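Note sheet for the following structure.
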Amino acid sequence: MRLGTCYYPEHWPESMWANDARTMTKLGITQVRIGEFSWSRIEPSRNEFQWEWLDKAIETLSNHNLKIIMCTPTATPPKWLIDEIPEILALNEDNQTRNFGSRRHYCFSSKNYRKESRRITNILLNRYGKNPNIISWQTDNEYGCHNTVVSFSPMAEKAFQNWLQLKYVNIENLNKSWGNVFWSQEYNTFEQILLPNNTVTEANPAHSLDFRRFSSDQVISFNNEQVNIIRAHSDALITHNCMGHFTSFDHYLLGESLDIMTWDSYPLGFLDQGWSTEKEKLQWMRSGHPDFAAFHHDLYRNCSKGRWGVMEQQPGAVNWAPNNAAPENGMVKLWTLEAAAHGAEYCSYFRWRQVPFGQEQNHAGLFDSRNEISQGALEVAEVSSILSKLKSLETFSNEVALMFDYPAKWMLDIQPQGKEWNYEKLCFEFYTTLRRLGLSIDIISSDHDISKYKLVVAPSLPVIPKNLLQSAKISNTKLLFGPRSGSKTSEYQIPPKYPFNRDFKFIKSESLRDGASLKINMNDKIYYSKNWRDIIECKGINKIEFSDGHPAYIHNNDYGYIATWPTYELLKDLLINLTEKIGIKTTCLDENIRMRHTKDLTFAFNYGDEILDISKMAPESKFIYGGSKIDPYGVSIWKTQKNK
Ligand code: GAL
């Protein structure tokens, strides 16, 4: 795994560049990302280009053997362009313009912006496409950041109508599919269809779902336009940097056109900003949730045929969460090694130096704004020497996969049917439980090939793909579904019949407020469930019941169905029983410890503040780094003993 940093030569006097480059190489950094917000410096007014500074920056970095990841600058169209074509700006849900003055101020449906995006991409590629020092191109920057996937502009409306016409061909099909007879919503033409905002009450869920699908497709097609231009001029790898906890477009589809997927890992910011409990936020405020980074590593690894990396790694405190703690000593090293253990090709720190001006002046860099070295940078130097000792980081073929599906998330967001329902949180809790059993997981889409897995867990999958149950039977893969699975058609309707065994009958479901837990008895032990239950009937199939006699978990030879949102204890014990039956080895881990297996190595990570004894997990092991007592915020790495 190579190390890198995000650098902004345009923020610093040229006299500093050579020294910066020299210091980067001293820390073990070999790649530098530049240019993603530099449009106003490249083209200060239409067709007037300033290349000298960028040529010089590339030359200086290259002279120090640093390879370059160059970005298209389309996340920040300059003021002269907005003044010339104001319709580039997106409109928010209240139909107000999202003005110039920060970033990502564009609407994906603006044809004129598409033209400008292709123009500037072509110009950059004509100049640098064959530059041997540029080894990779990043398209734009973090599509969708600051809630920018959707726009309610007139162009978005027109593009949506065209998208609907292509999908449904005639208006009768659309009326039928959306169920527009309900509340007299029938349309006579596609031109009558507005965007689903500012309606008196909830818009038709099928309308909202198609708008989310359309908005996601707009991101993919915007990206594809840049990708096609880059490919025509350059053999360098193409990437885009995605975000954490972000689901507004389908990342599996984005990944299809990229050579390598990357993402931006800010474990502390996301913990503080997210839906973790107050207790968890305090417990891990300086280390991040032990599964946050891992979840996204496992997700993005499968988006681009296994090639992935971290484009921005938090090196100190960020500026954008409600509270911004600094990482505990050791965490920058730990996060980097966790990425390596999950098979990353690349880990790059955002940013090289804290900038003393602008919106992000309170965001840490590897150096502070006075150019003093930070703890994060010291750990980069250390981790680079550890990495040089880890010869093989080839990923392991995992036995267990978790299905995470973007359209499922959109559907369940549109009609959550209960304020505690949160698809991403449910998936994350399933993932945590699997990881606390010492398992290494792949995260896959609902149409991914499942034949190589022994167990595939779908925490909730409203639309079950047609052949899924059949493929699982053929490959002898056990499927485990969570609540609400099979409850919708892709048109957002209730299916006439569930896709499961014909003895499976769905009766009704209910959402439960926090605290209203239900009792479940399993092997003479009492467990609880929370927030959701499906009431089902099922004859002749093994089951575990709620205290009122309704099935809480049913399973046959091919699949299992959990009819509720399980607590950690319930899910853990269910999974232990299930994995034992199908021959998957598990190890119960402390809440602060996580493990990850590569082909030859096992990594253990301590996200807590106590020394922990891991000798049971690594008996007589040959440690390459660390040992059987793992330090607070420490890492141990050992050679995996092969089964005899
Ligand atoms: C990312 C973004 C960077 C920077 C960083 C701050 O989301 O790509 O440009 O803003 O966050 O943490």
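With every protein chain present, what is the per residue accessible area of the range 1-44 (1.4 Å probe, Å²)?
Heavy-atom SASA per residue in the range 1-44 reads 35 Å².
Could you derive backbone 3J(HN,Hα) for the range 178-191 from the dihedral phi with the Karplus parameters 6.51, -1.76 and 1.60 (θ = phi - 60°), listing whole Hz in sequence and x where the residue is Gly or Pro?
Result, ordered by residue: 7, x, 6, 5, 5, 6, 6, 9, 5, 10, 9, 9, 5, 5 Hz.
Could you report the range 493-532's accessible area per residue, 1.4 Å probe, as an integer in Å²?
71 Å²
Write down the percent of antiparallel bridges among all DSSP beta bridges whose residues are both part of the range 257-379, to the nearest 5. Please report the intermediate quantities before stating the final value.
Numbers: 1 of 9 bridges.
If we restrict to bridges inside the range 257-379, about 10 percent are antiparallel.
Rounded to whole Å and ordered largest first, report the semi-axes of the equivalent ellipsoid of the range 1-159 derived from its Cα gyration tensor (root of 5λ).
32, 16, 14
In whole Hz and in residue order, list the ³J(HN,Hα) couplings for the range 197-213 that follow from phi through the Karplus curve 6.51 cos²θ - 1.76 cosθ + 1.60, θ = phi - 60°; x for Gly and Pro.
Residue by residue, the range 197-213 yields 10, 6, 7, 5, 10, 2, 6, 3, x, 5, 5, 4, 5, 5, 5, 5, 4 Hz.
Could I have the simple spin-label model distance between Asn131 and Asn362, label points 7 Å from Cα toward Cβ, reported in nm to one decimal?
3.5 nm
Keeping all protein chains in place and using 1.4 angstrom, which order do Ser509, Ser102 fall into by accessible surface area, from largest down? List each step's numbers first, then the result.
On the way: Ser509 50, Ser102 80 Å².
The ordering from most to least exposed comes out as Ser102, Ser509.
Evaluate E = 1/(1 + (r/R0)^6) for Lys115 and Glu256, where r is the Cβ-Cβ distance and R0 equals 22 Å; express this FRET efficiency to the nearest 0.05.
Computed FRET efficiency for Lys115 and Glu256 comes out at 0.35.
With each run of n ≥ 4 DSSP H residues scored as -39500 (n - 2.57), what mean residue ellipticity at 222 nm is computed for the chain after dividing by its residue count and rounding to the nearest 500 deg cm²/dmol?
Helix contribution divided over all residues of the chain: -9500 deg cm²/dmol.
Rounded if a/c is under 1.5, else prolate if a/b beats b/c, else oblate: with a ≥ b ≥ c from the C-alpha gyration tensor eigenvalues square-rooted, which is the chain?
It is oblate, given that a/c is not under 1.5 and a/b is not larger than b/c.
Can you pull the percent of the range 324-368's accessible area that's carbon plus sulfur, 1.4 Å probe, other chains left in place?
44 percent
Give the carbon-plus-sulfur fraction of the accessible surface of the range 136-231 in %, rounded to a whole number; probe 1.4 Å, heavy atoms of protein chains only.
About 55 percent, which is the carbon plus sulfur part of the accessible surface.
Please report the carbon-and-sulfur percent of the accessible area for the range 443-581; probe 1.4 Å, protein heavy atoms only, DNA, RNA and ligands left out.
46 percent
I need the P(r) histogram for the range 279-418: all alpha carbon pairs, bin width 10 Å from 0 out to the longest distance, whole percents.
Going from the shortest bin to the longest, the percentages are 10, 33, 33, 19, 5, 0.
I want the antiparallel fraction of DSSP beta bridges within the chain, as a percent rounded to 5.
Antiparallel bridges: around 50 percent, rounded to the nearest 5.
So with the 1.4 Å probe, I'd like the accessible area per residue for the range 188-270, rounded to whole Å². Walk me through the numbers before you get to the answer.
Numbers: 2650 Å² over 83 residues.
Accessible surface, normalised per residue, equals 32 Å².
Return the distance in nm (one decimal) between the two label points of a simple spin-label model at Lys425 and Tyr568, each offset 7 Å from Cα along Cα→Cβ.
1.5 nm
From the square roots a ≥ b ≥ c of the eigenvalues of the alpha-carbon gyration tensor of the range 549-636, which class results: rounded (a/c under 1.5), prolate (a/b over b/c), or oblate?
Details: a/c = 3.56, a/b = 2.04, b/c = 1.74.
It comes out prolate by the Cα gyration axes.
How much length is gained on full extension from Glu191 to Ser369, taking 0.36 nm per residue of separation minus their Cα-Cα distance?
58.7 nm
Taking a ≥ b ≥ c as the square roots of the Cα gyration tensor eigenvalues, with a/c under 1.5 meaning rounded and otherwise prolate when a/b beats b/c, else oblate, which class fits the range 72-135?
It is prolate, given that a/c is not under 1.5 and a/b is the larger ratio.
List the residues whose amide H sits under 5 Å from the amide H of Ile238, counting only those 5 or more places along or on another chain, with H placed 1.01 Å from N in the peptide plane.
Trp137, Asp259, Ile260
The values are calculated or read from the model by the stated rules, or taken from the named source; none is laboratory data. Remember, it's a predicted structure, so these values are computed and weren't measured experimentally. Please note: Cβ atoms are built from the backbone with ideal geometry, for glycine as well, and neighbour counts cover all protein chains shown. Surface areas here come from the heavy atoms of the whole protein model, side chains and all, with no ligands, DNA or RNA. Shrake-Rupley method; radii C 1.70, N 1.55, O 1.52, S 1.80 Å.
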